[in-house]
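Heads up: the structure comes next, in structure tokens.
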Amino acid sequence: MRVFVAGATGAIGAQLVPRLVAAGHEVHGMTRSESKQAMLHELGAVPVVADALDPDQVAEAVGRARPDVIVHQLTAIGELDLRHFDRDFAVTNRLRTEGTDHLLSAGQAVGVRRFVAQSAIYSFYARTGGAIKTEEDPLDTSPPRAMRETLAAVRHLEGAVLGAQWTEGIVLRYGAFYGPGTSMAPGGEQFELVRKRQFPLVGNAGGVWSFTHVADAAEATVAAVDRGRSGIYNIVDDDPAPVAEWLPALAQTLGAKKPRHVPRFVGRLFAGEVGAVFMTDIRGASNEKAKGELGWRPAHPSWREGFAAT
Ligand SMILES: NC(=O)c1ccc[n+]([C@@H]2O[C@H](COP(=O)([O-])OP(=O)(O)OC[C@H]3O[C@@H](n4cnc5c(N)ncnc54)[C@H](OP(=O)(O)O)[C@@H]3O)[C@@H](O)[C@H]2O)c1
């Protein structure tokens, strides 16, 4: 098939493009930069230069590529201060609202048969009931104030993609990424905070995280492009775990001292309510549906070995 990847040069895109090519697809990879065309050539894609926030450029780029499938992996996260979550996600939120709408209109104009988009599980599922959530479980209707716009943008993306009746709209809710090109990799921001003992356990450290190695996220995305059905898939590893478990294990893997422990109110002071919720209250996710319907198996089934292997 001909596959148009928006976000082809990013942490996930760079893993995804060569896998799509290896699976026999003709890939058209979008970037804003003339200078990244060479990188896209090397990854095996036909480079397409366009700004995702410009509807005319997107329509022209998609119109020229005439893809069978569009994959939306656009984000612009950069530095993140959890106290100002919505501020730091402002451009990503535009990419998830306007950017999604532009790609959907352009895709509809050429009749794409599938539209696969990046979503996320973090702080998305309702913080009530069990620790492990399926795609059927309710979403958080009262998120911390500082990330309301961000969650509204993700909901917009999901609603628009799932509501597109003219195509197979597929939403992939990825877990927290780790691995090459992410902030959870050697030299990456979060690994460095753990190494410097600046990533403490907060309160009960009972927030449950689901991780996804970025290569596994790419493999799952190829499976969704090839055989996904309209709907939502959690793309996470087999081993959701509370912060109290994974953070000390990561510190040990990195040869760092044990993480400090601070009360919730201190955590809230430094990382805001979003940080406190991430550390004490979020829920993990189940990958049963993705395994069953996509036939996907993570090559890194647990962060326990996965962290050490990055
Ligand atoms: N689930 C998760 O845990 C999760 C999800 C997303 C990101 N992250 C992490 O966040 C960190 C950084 O993410 P990032 O957002 O900076 O991603 P990134 O890896 O730089 O990828 C962003 C992609 O979006 C494209 N893009 C952005 N704005 C665009 C625009 N206006 N028009 C066209 N393309 C545009 C970029 O293309 P060009 O720059 O080439 O134009 C690039 O291909 C990484 O560590 C990543 O792993 C984690």
Margin query: Is there a quick way to get the dipole size of segment 1-139? I mean about its Cα centre, with the Cβ of Lys and Arg at +1 and of Asp and Glu at -1; what is the value in debye to the nearest 20?
Written below: 280
Next item on the list: Could you grab the relative contact order for segment 99-200? Cα pairs under 8 Å, six or more apart, rounded to a whole percent.
Entry: 33
Notebook entry, point to check: Based on Cβ point charges of +1 for Lys and Arg and -1 for Asp and Glu, what charge dipole magnitude is obtained for the chain about its Cα centre, in debye rounded to the nearest 20?
Noted result: 720
Check: Got the relative contact order for segment 145-192 handy, in percent, Cα pairs under 8 Å and 6 or more residues apart?
Finding: 15
Next item on the list: Choose one answer from 207, 175, 63: the residue with the largest mean-square fluctuation in a GNM of the chain with alpha-carbon springs under 10 Å.
Entry: 63
Note to self: Give me the net charge for the shell around residue 211: Cβ to Cβ below 11 angstrom, other residues only, Lys and Arg +1, Asp and Glu -1.
What the structure shows: -3
Check: If you average the sequence gap of Cα pairs under 8 Å that are 6 or more apart and divide by the length of the chain, what percent do you get for the contact order?
Finding: 19
Next item on the list: Only bridges with both residues in the chain count here: give the DSSP antiparallel percent, nearest 5.
Entry: 10
Item checked: For segment 19-28, 3J(HN,Hα) per residue [Karplus equation, 6.51 cos²θ - 1.76 cosθ + 1.60, θ = phi - 60°, Hz, x = Gly/Pro] -> 6, 5, 5, 5, 7, x, 8, 8, 10, 10
Next item on the list: Work out the length of the dipole vector of segment 163-306 about its Cα centre, built from +1 on the beta-carbon of each Lys and Arg and -1 on the beta-carbon of each Asp and Glu, and round it to the nearest 20 debye.
Entry: 560
Margin query: Roughly how far apart, in whole Å, are the Cα centres of segment 243-261 and segment 191-219?
Written below: 10
Next item on the list: Sequence neighbours fewer than 8 away in the same chain don't count; with that in mind, list the aspartates and glutamates whose C-alpha is under 19 Å from residue 133.
Entry: 158, 237, 238, 239, 245, 281, 288, 293
Margin query: Which one, 210, 143, 242, is farthest towards the positive end of the dipole of the chain when Lys and Arg carry +1 and Asp and Glu -1 on their Cβ?
Written below: 242
Notebook entry, point to check: Exposure proxy check: 77, 132 ranked by fewest other beta carbons within 10 Å?
Noted result: 77, 132
Checklist line | Which of 274, 52, 153, positive extreme of dipole for the chain (C-beta unit charges) | finding: 274
Check: In segment 87-229, what percentage of the DSSP-assigned beta bridges are antiparallel, given to the nearest 5?
Finding: 10
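Coordinate-derived values only; no laboratory data. The structure displayed is predicted, hence computed values, not measured ones. We place every Cβ from the backbone using ideal geometry, glycine too, and count neighbours over all the protein chains shown.
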